Amino acid sequence: MTLPTANPARPISRKRPFFQRVVKPWLFLLPILLLNVLVILAPSLSAVYYAFTDWTGLGDARWIGLENFRRLFTDEIFWQAFLNNLIWCGLFLTVPIAMALLGANAMAHVRRGQVFFRIVYFIPYVMASVVVAAVWRNILNPSIGIGVQLANLGLPWADIKFLGDTRTALYSVAFVDNWHWWGYLLVLYLAAMQSVDRSLYESARLEGANRWQEFVHVTLPGIRPTLVFTLLITVIFSFLAFDYINILTGGGPANASEVLSTLIYKAAFRRFEAGYAAAIGLTTSLICMIFGTIFVTLRRRGMEI
Amino acid sequence: MKVSKLLSIAFAAAVVTGACAAPSAAPNAVAPQATQSSSATTSDTPAPAASGEKVKVIWWTETAVEDYQDKLTENFVKTFNDAHPNIELEMKFVDKLDEVLRTAVQAGAGPDIIQTPGPAFVAEYIAAGHIAPLDDYAKKFGWDSTIFPWAVEAGKLDGKLYSLPLTYETVVMWYNKKTLADNGWQVPTTRAELEKIAEEAKAKKLFPFVNGNAGWRGVNEWMVTLWWANYAGNDTVYKALKQETKWDDPLLVESITLLNDYMQKGYFRGSKESYFATDFPEVDADLASGKGVFDFSGTWAFQYKSSQFPDHPEDWEWALMPSLRDGVKQSFPLSVGSTLSINSKARNTDAVAEVLAWVYGDAKRAAKIIHDYPGEWLVPIDLKKDDFPADTDARFIRILEAMSAASKSGDYGYTTWTFWPQKSDQFIVEQMDNVFIGKLTPAEFSSKLQEIYAAEAKANQLPPIPAR
Amino acid sequence: MTRRKSSRTPSLLPNYVILIVLLLFAAGPLVLLGFNSLKTTAEIGANPLGPPIVLRIQNFADAWTKGHYATTLTNSVIVVIGTMVGVCVISGLAAYALARMNAPGFNAFSLYLLVGTSLPLTLFLVPLFFLWTKLGLTNSLFGLIVIYWATFSPLATFLLRSYMVAIPADFEDAARVDGASDWQVLQHVMIPIVWPGFLTVALVTGLGAWNEYIFAYTFIQDEAVKTVVTSFSAFTGRFTRDWGLTSAGAIIMTAPVIIFFLALQRRFIEGLTQGGLKG
């Protein structure tokens, strides 16, 4: 992959010695490389081995080949979790992005109070997931939470047991994560919007464009790289989503909000099936890798994204 | 050209493997046998003591409400250290103990005393060689006679003793005396009486049963334990445990069906959604306020009673779960809660054994610990009323005496988290959710359980079941 | 429809409406958190959504002592500073190389960094714990910091790289003509220009380190070394009943971040967006 750069590195002449050309640059990468190998790569590689064993997390591991994967592909809970990740992905590719675009666009034109709004929208993002989850757990409480309060005020249909109903569990958790996440997107889009050339808007207005048309034909194209970046990280993080689901529902009730990462956690720490957990983990990483590669290949092919 | 190509290929390979990173495992090159000779030391594995030097023993235990932690330190750790000048016991309160412990022990580190949530958990550690056998110490300290035999049995595997029971528990039916009095109800002892109250409660828009499993999925298995014990009866359950009958025996299936019926009728908090969504604070509040009538929970709940009923502590009371079928006697399902074992990597097992002996050695000390930290550390030794400080709650003494009697007579029931093997136990916890939402019928649940249980039996993973 | 409208100012009312609705969404729970932190448990039961009738400031004092925040806040600060400094150095070096030098294997390594950040955390824990035990790095803030260096550097490198790449190479060329080495160019030319980027990276990394909890509770058991997340999770244990106390604890944990963020918010947000993601 050749990363497009504003100023491509100078072509390095063959005449420069090997040291200059190869070793010196790699010395700059040495710290990150060493750390990565020590903390991430080495432990992970040893774990790859376990995906092909029946290891329980304690004791010996017996090689069982692709057995874990066979089990995985025939396990309906695995597919349910995978589906939930896809739903999660769909939710996060739409809701927070739409909200952030809407908010950023509204804010880009507003002078007064912009800083205030920006700060408040961003605060949920700086809060730790354990705190956010605790706050929302309280709000969504089935006995004294908002549902019950609204019902008491005359809206009986509002008394939904958000985290206890199989139909709403996943969406409720996604809602909480969204509350935490969208502010980050807003801030990114706002800055990108603010660096779009003003004159483009003026020429659009001169041609009679209304606000919606301005948005679609000037703003969106103007922030395209940022938008695409956020799409990519949204997709990848969707398959790794863990914190909120684990804290709020644990994947329940009855696997209704189960995702790949909670499956891994339960297999490794509740059922003593570390080998199986490794297999799920490997599969998850592969999925992320596929999406990452698609993105990068598209860029490489020069697709203007 | 060549170099760059090589490097690129190498890194492509690294990308593939690195990105495929998978879960935790110790490098397999270091096989368990090898590590015994290696010096796998951490700050938590004490060095052997030179004469005159103190031996350090580390114990990781469950976190608890702040005050209880202090009391435990005062009543146990301090008394031990004062009495044993050559040993220094350090008790660490670890958040998410079972998870962190597995990680640490597997890594060859970890505390001297391994405390797990129950016999099914410690079985894995034993199988992996992480636990030192206790038989010699049992003889030395007389544990076979001080500790209730059935509780000791729970810690044996292949005839050897590996773990000791730190606490033993039972599951009962808690209620609020005021609620019953206000509604003109008597404590039910039969199914008919229970259902009558449930229906009347429902009509009054009260919750017949307050339980919810949002805070602990395992609440499912408290219910299953009670329903099996009081409908199918302990003899049937025992037979199934021994595989003299199967888990899809009609009586056992009917027990599950009855439990599910109650759930579908809305006895549990009005709806299954509410059951799935409700955590302990609300469960407790509802019992105290009279919004709910019965709470099926265990003796571990004693520690919360004073904060649950701050203004009227005289209102809470416990009773046995009603019998759900004619001819089935009410009983106490007993369980071993936490277990204690010695890490096979502990440097000075004699010192560690001294700490363990201190747990069971003195009835009065044990009683004081329980008095200050009710509900946990209920060591399964014969405790009498006189051992307890004078201000100990009478209801507590009553249950302890009852549990003690049940232990000695052998007339007790079986809790799933003590007498079932790990996978079967997890199945029960997880799949009851599916029964409640209608994805599994009670019959399917039972036959699937039978499959899993049979497989574990074949693989010799059953915990020991004392003869009835 | 021909409407004479000033090309400058179409009505901003719809904008404000949108912004205020979003504000309620974002701030509502925060306001509620604030209210609840000043109520007793009883009042929360009776009055769950309204402002407190009696201000119970005691909650904060209780939360402070029960959560041992004095110790844990200190520990977290140490961890955050250590992580920020380390990550800036490590990713600064790496980003400079990736931005300016085109050595063989760099492209593949960049891809690895990008993709390698997508690894499920739970899978790491045991082999890493094993390694850390052998190295004696468990129960130590330094051990935790090293883990954070490794996990936060890839993203930081990418961010910094985008900044650097957006700067014209003229100054550096001039310096090189004068005989400066790569290292000197980095130190005396690049960093002074790109320091907002470094600040951003430091802030983003610091935020991540403050809020991280899985590694924090796995690798540290000693009370004296625990970080602020473990303080808070003690309040949300299995049987907590005092939501007022928990809310106060939540605020104690989040307040430093918010204060810090408020002080530097312009830098923070601008840095996060400037140059970073265009390339």
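Within region A:276-287, can one find any residue that is surrounded by fewer than 21 Cβ atoms within 10 Å (Cβ to Cβ) and modelled with pLDDT of 75 or more?
Taking region A:276-287 and keeping what is surrounded by fewer than 21 Cβ atoms within 10 Å (Cβ to Cβ), we get A:286-287.
Keeping just the survivors that are modelled with pLDDT of 75 or more gives A:286-287.
Within region A:276-287, one or more residues are surrounded by fewer than 21 Cβ atoms within 10 Å (Cβ to Cβ) and modelled with pLDDT of 75 or more.
Residues considered: C:L144, C:L160. Of these, the only one that is surrounded by 22 or more Cβ atoms within 10 Å (Cβ to Cβ) and either at pLDDT 90 or above or over 23 Å from the mean Cα position of the chain (by Cα) (or both) is C:L144. In this structure, C:G179 does not qualify as under 24 Å from the mean Cα position of the chain (by Cα) and more than 9 Å from chain A (Cβ to nearest Cβ). For region C:186-198, a residue qualifies if it is in contact (Cβ under 8 Å) with a residue 40 or more places away in the chain and either in a loop (DSSP other than H, G, I, E, B) or among the β-branched types (V, I, T) (or both), and exactly one does: C:I191.
Inspect all residues belonging to region C:221-241 and state whether any of them is surrounded by fewer than 20 Cβ atoms within 10 Å (Cβ to Cβ) and in a helix (DSSP H, G or I). Among the residues of region C:221-241, at least one is surrounded by fewer than 20 Cβ atoms within 10 Å (Cβ to Cβ) and in a helix (DSSP H, G or I), which makes the answer yes. Checking C:F109, C:F152 one by one, the residue that is more than 12 Å from chain B (Cβ to nearest Cβ), under 21 Å from A:L232 (Cα atoms) and buried (at least 24 other Cβ atoms within 10 Å of the Cβ) is C:F152 and no other.
If you check B:K384 against the conditions, is it within 14 Å of chain A (Cβ to nearest Cβ) and among the charged types (D, E, K, R)?
Working: within 14 Å of chain A (Cβ to nearest Cβ): no; among the charged types (D, E, K, R): yes.
In short, no.
Here's the yes/no breakdown for (1) hydrophobic (A, V, I, L, M, F, W, C); (2) not assigned by TED's automatic domain parsing to the domain that holds C:A216:
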{"position": "C:V31", "(1), (2)": "yes, yes"}
{"position": "C:F35", "(1), (2)": "yes, yes"}
{"position": "C:L38", "(1), (2)": "yes, yes"}
{"position": "C:I44", "(1), (2)": "yes, yes"}
{"position": "C:G50", "(1), (2)": "no, yes"}
{"position": "C:A61", "(1), (2)": "yes, yes"}
{"position": "C:S76", "(1), (2)": "no, no"}
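Of the helices (runs of 4 or more DSSP H) that lie entirely inside region A:110-175, those containing 1 or more residues that are among the aromatic types (F, W, Y), more than 14 Å from chain B (Cβ to nearest Cβ) and more than 26 Å from B:G292 (Cα to Cα) span A:114-126.
The set of residues in region A:258-280 that are in a helix (DSSP H, G or I), over 17 Å from A:S44 (Cβ atoms) and facing chain B (nearest Cβ under 7 Å) contains only A:F269.
One line per residue, one yes/no per condition, for (1) facing another protein chain (nearest Cβ under 10 Å); (2) among the small types (G, A, S); (3) more than 30 Å from A:F162 (Cα to Cα):
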position: A:L220; (1), (2), (3): no, no, yes
position: A:R224; (1), (2), (3): yes, no, yes
position: A:V228; (1), (2), (3): yes, no, yes
position: A:G250; (1), (2), (3): yes, yes, no
position: A:A256; (1), (2), (3): yes, yes, no
position: A:L282; (1), (2), (3): yes, no, yes
position: A:C288; (1), (2), (3): yes, no, no
position: A:G292; (1), (2), (3): yes, yes, yes
position: A:L298; (1), (2), (3): no, no, yes
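For beta carbons closer than 7 Å, sequence separation of 6+ or different chains, a first residue in region B:439-457 that is surrounded by fewer than 20 Cβ atoms within 10 Å (Cβ to Cβ) and a second that is aromatic (F, W, Y) and outside any helix (DSSP H, G or I), the qualifying pairs are B:Q450/B:W247.
Can A:W212 be described as crowded, with 18+ Cβ neighbours inside 10 Å and hydrophobic (A, V, I, L, M, F, W, C)? When the stated conditions are applied, A:W212 does not pass them. The residues of region C:243-279 that are farther than 30 Å from C:T41 by Cα, facing chain A (nearest Cβ under 8 Å) and at pLDDT 80 or above, listed by number, are C:F261, C:L262. Annotation: C:N75 fulfils all but one of (1) crowded, with 16+ Cβ neighbours inside 10 Å; (2) within 14 Å of chain B (Cβ to nearest Cβ); (3) out of contact with any Phe, Trp or Tyr (no Cβ under 9 Å at 6 or more places or on another chain); (4) at negative phi; the unmet one is (2). When the helices (runs of 4 or more DSSP H) confined to region B:98-169 are screened for residues that are in contact with a helix residue (DSSP H, G or I) (Cβ under 6 Å, 6 or more places away or on another chain) and away from chain A (no Cβ under 14 Å), those reaching at least 3 such residues are found at B:135-141.
Looking only at region A:152-168, filter to residues that are surrounded by fewer than 16 Cβ atoms within 10 Å (Cβ to Cβ) and at pLDDT below 90; which one of those is nearest to the chain's Cα centre (by Cα)? Going through the qualifying residues, I end up with A:A158.
Within the set B:D158, B:D182, the sole residue that is surrounded by fewer than 17 Cβ atoms within 10 Å (Cβ to Cβ), more than 21 Å from the chain's Cα centre (by Cα), within 23 Å of B:T416 (Cα to Cα) and not aliphatic (A, V, I, L, M) turns out to be B:D158. Against the criterion of being more than 10 Å from every other protein chain (Cβ to nearest Cβ) and either polar (S, T, N, Q) or assigned to a helix (DSSP H, G or I) (or both), A:T234 qualifies.
When restricted to residues that are within 11 Å of chain A (Cβ to nearest Cβ), closer than 28 Å to B:G410 by Cα and not aromatic (F, W, Y), region B:425-451 contains 3.
In region B:284-291 there is at least one residue that is assigned to a helix (DSSP H, G or I) and within 9 Å of chain A (Cβ to nearest Cβ).
Against the numbered list (1) within 14 Å of chain B (Cβ to nearest Cβ); (2) closer than 30 Å to B:D67 by Cβ; (3) at pLDDT 80 or above; (4) surrounded by fewer than 21 Cβ atoms within 10 Å (Cβ to Cβ), C:A63 comes up short only at (4).
Scanning region A:100-109 for residues that are more than 7 Å from chain C (Cβ to nearest Cβ) and not polar (S, T, N, Q) yields a count of 4.
The criterion of at least 1 residues that are among the charged types (D, E, K, R) and under 18 Å from the mean Cα position of the chain (by Cα) is met, among helices (runs of 4 or more DSSP H) falling completely within region B:381-451, by B:422-436.
Among (1) within 8 Å of another protein chain (Cβ to nearest Cβ); (2) touching a residue at least 24 places away in the same chain (Cβ under 8 Å); (3) of a type outside the set (G, A, S), where does A:R205 come up short? Only one criterion is unmet by A:R205, namely (2).
The values are calculated or read from the model by the stated rules, or taken from the named source; none is laboratory data. These numbers were taken from a predicted model, which means no experiment stands behind them. Because the Cβ atoms are built from the backbone with ideal geometry, glycine has one as well, and the counts that use them run over all protein chains shown.
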